[in-house]
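Novice: Okay, here's the structure, questions in a sec.
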Amino acid sequence: MPEPNAPAVHLRDVRLQRGGRTILSGIDLLVPTGSVTAVLGPSGSGKSTLLAALTGELRASQGSVDVFGRPLPQRQRELLETRKSIGVLLQGNGLLTDLTAAENVALPLRMHTKLPAPVIARLVEMKLHAVGLRAAADLYPRELSGGMARRVALARALALDPPLMIYDEPLTGLDPIASGVIMSLIARLNASLGLTSIIVTHHVHETLPVADRALVIADGRIVFSGTPAELQQTTDPLVRQFLDGRPDGPIAFDAPQREVA
Ligand SMILES: Nc1ncnc2c1ncn2[C@@H]1O[C@H](COP(=O)(O)OP(=O)(O)O)[C@@H](O)[C@H]1O
Ligand SMILES: [Mg+2]
């Protein structure tokens, strides 16, 4: 059970490494319960790496990662239990192509609960309804538009009623209209279901309107943390370069990979 009044996520002085290389360090992050937080930053800055630390998929090599007031468990079995309270919408939808929309949404319920089939069917119907797709229950992923497939994946991520939702690039590959639908859906679900949401994205302008807090990652650290309004007004050159999408500035967008001699 979550600790009462604890923030949904609390990172203290976290360092994350991959392949022996430090990707992020000195990360302090407090995500209040009920909030929508946008994690922004250029491609390759470590946004997905940060999410991997929240699910325990990647262990911090320094610092602490608390979810709902408790350190992420070290033991695999307890970690899997904690993960049930974190809904994840990964880049790409990960829908199984041989299963219908309804069967895809039912998967986590079949795997993680012992609920009888009629109850699962009812829950699946409710989740699909929540994303506005009850009529698509019997369609296969190939029969869905990109936006609809993303919404089915969202329904599946919500299947176990996780209090914390994390979204990795939820707008990738979607047209502007589908992007608007997904963003307002994310915000609406957060409010109506009383969730906490963390949205990782490089789509600044689509995401900031639904966010309560924003952070910008660049140069291996958090270079901005505040409200979207504060972000819009920042004069920090690193942050401005990212916001304004300028290729020249403190961030080397196209730095060539350094060869090791
Ligand atoms: N499994 C991995 N092993 C080694 N390096 C990785 C791995 N995954 C990502 N990286 C590196 O970590 C950095 C950050 O990647 P990532 O978190 O995916 O960035 P973002 O999601 O912001 O685009 C990149 O330089 C990437 O090459
Ligand atoms: Mg990523």
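Novice: Can you confirm whether segment 9-18 contains a residue that is surrounded by fewer than 16 Cβ atoms within 10 Å (Cβ to Cβ) and in a loop (DSSP other than H, G, I, E, B)? Steps first, answer last, please.
Specialist: Our first condition is that a residue be surrounded by fewer than 16 Cβ atoms within 10 Å (Cβ to Cβ); within segment 9-18, this holds for 12-13, 18.
From what's left, in a loop (DSSP other than H, G, I, E, B): none.
Scanning segment 9-18, I find no residue that is surrounded by fewer than 16 Cβ atoms within 10 Å (Cβ to Cβ) and in a loop (DSSP other than H, G, I, E, B), so the answer is no.
Novice: If you check 56, 63, which single one turns out to be away from ligand 2 (no atom under 16 Å from the Cβ) and farther than 30 Å from residue 173 by Cβ?
Specialist: Details: 56 fails: farther than 30 Å from residue 173 by Cβ.
So the residue among 56, 63 that is away from ligand 2 (no atom under 16 Å from the Cβ) and farther than 30 Å from residue 173 by Cβ is 63.
Novice: Among the candidates 101, 106, 6, single out the residue that is more than 13 Å from ligand 1 (Cβ to nearest atom) and touching a Gly at 6+ places or on another chain (Cβ under 8 Å). Spell out how you get there, then give the answer.
Specialist: Details: 101 fails: touching a Gly at 6+ places or on another chain (Cβ under 8 Å); 106 fails: touching a Gly at 6+ places or on another chain (Cβ under 8 Å).
Only one candidate passes the filter, namely 6.
Novice: Checking residue 25 against (1) buried (at least 16 other Cβ atoms within 10 Å of the Cβ); (2) away from ligand 1 (no atom under 16 Å from the Cβ); (3) polar (S, T, N, Q); (4) modelled with pLDDT of 95 or more, which single condition isn't satisfied?
Specialist: (2)
Novice: Can I ask one more? What do you reckon, is residue 152 among the β-branched types (Val, Ile, Thr), out of contact with any Cys (no Cβ under 6 Å at 6 or more places or on another chain) and crowded, with 20+ Cβ neighbours inside 10 Å? If you could, list the steps in order and put the result at the bottom.
Specialist: Details: among the β-branched types (Val, Ile, Thr): yes; out of contact with any Cys (no Cβ under 6 Å at 6 or more places or on another chain): yes; crowded, with 20+ Cβ neighbours inside 10 Å: yes.
The answer is yes for residue 152.
Novice: Going by the conditions given, is residue 70 away from ligand 1 (no atom under 16 Å from the Cβ), touching a residue at least 40 places away in the same chain (Cβ under 8 Å) and farther than 16 Å from residue 169 by Cβ? Don't jump to the end; show me each part of the working.
Specialist: On the way: away from ligand 1 (no atom under 16 Å from the Cβ): yes; touching a residue at least 40 places away in the same chain (Cβ under 8 Å): yes; farther than 16 Å from residue 169 by Cβ: yes.
It is true that residue 70 is away from ligand 1 (no atom under 16 Å from the Cβ), touching a residue at least 40 places away in the same chain (Cβ under 8 Å) and farther than 16 Å from residue 169 by Cβ.
Novice: Please specify each residue of segment 62-99 satisfying the condition of being assigned to a strand (DSSP E or B) and in contact with a strand residue (DSSP E or B) (Cβ under 7 Å, 6 or more places away or on another chain).
Specialist: Taking segment 62-99 as the starting set, the residues that turn out to be assigned to a strand (DSSP E or B) are 62-67, 70-71, 86-89.
Residues satisfying the conditions are 62, 63, 64, 65, 66, 67, 71, 86, 87, 88, 89.
Novice: Next up: Could you identify the single residue in 228, 247 that is outside the structural domain of residue 102 (by TED's automatic domain parsing), out of contact with any Gly (no Cβ under 8 Å at 6 or more places or on another chain), farther than 30 Å from residue 97 by Cβ and modelled with pLDDT of 95 or more?
Specialist: Within the list 228, 247, the selection yields 228.
The values are calculated or read from the model by the stated rules, or taken from the named source; none is laboratory data. From a predicted model like this one, the values you see are computed outputs, not experimental measurements. Note that each Cβ is placed from the backbone with ideal geometry, even for glycine, and that neighbours are counted across all protein chains shown.
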